[in-house]
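Encoded as structure tokens, the structure appears first; notes follow it.
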Amino acid sequence: PRVPVNGITALRNSFIETLKPTTDLRYNLAWSFGGFLVDIPRRLGVNEALDSAVQVLVDSHQDFCAGLGVTSRVLVGYSRALRMLRSYLDDPAKARTSETLCSVMVLLMCQVRRRITGLYIKIIFLQSPDIFSVAVYRCQ
């Protein structure tokens, strides 16, 4: 019998597939970006910014493994993830969570992995705990 799967479970399973030791090292995200990624699946479903960032990373990874260029699916997902992150950063309580910081890191991985054309994320961390922002700039 089939096990019922909701959206978060499907996302979690897709993300875990990218980290398995049996995944070719050329495509293994943990090998490329670090072992901290194994802590992400248990945080999914808590923070929409992290969920959308992981979704775009999974989509980008699948396209990369298939040899595709930047697809509209990835660009739309990336745009959605940035909007969601911006809304979380506008809320001081949500901006300081581990999941929100993790979503920033995951989006940076998307950018490094796929080099999304025309977008550059500049992250500004200042010593003051009240200032944490992400700005999106057009590349010249």
Cα-centre dipole for the stretch 1-101 with unit charges at Cβ (Lys and Arg positive, Asp and Glu negative), debye to 20: 100
Distant-in-sequence amide H partners of Arg96 (H built 1.01 Å from N, under 5 Å): none
Estimated FRET transfer efficiency (Asp90, Val46; beta-carbon r; R0 22 Å; 0.05): 0.75
Hz values of 3J(HN,Hα) by residue in the stretch 6-12 - Karplus curve (6.51, -1.76, 1.60), Gly and Pro given as x: 9, x, 5, 5, 5, 4, 4
Order by protection proxy (mean Cβ within 10 Å, highest first), peptides 81-89, 7-15: 81-89, 7-15
Accessible area (Å², per residue) of the stretch 27-69, counting only protein heavy atoms and a probe of 1.4 Å: 43
HN-Hα J in Hz across the stretch 71-88 - Karplus 6.51, -1.76, 1.60, θ = phi - 60°, x for Gly and Pro: 9, 5, 4, 5, 5, 5, x, 5, 4, 4, 4, 5, 4, 5, 4, 4, 5, 6
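The values are calculated or read from the model by the stated rules, or taken from the named source; none is laboratory data. These numbers were taken from a predicted model, which means no experiment stands behind them. Cβ: placed from backbone, ideal geometry, glycine included. Neighbour counts: every protein chain shown. Surface areas here come from the heavy atoms of the whole protein model, side chains and all, with no ligands, DNA or RNA. Shrake-Rupley method; radii C 1.70, N 1.55, O 1.52, S 1.80 Å.
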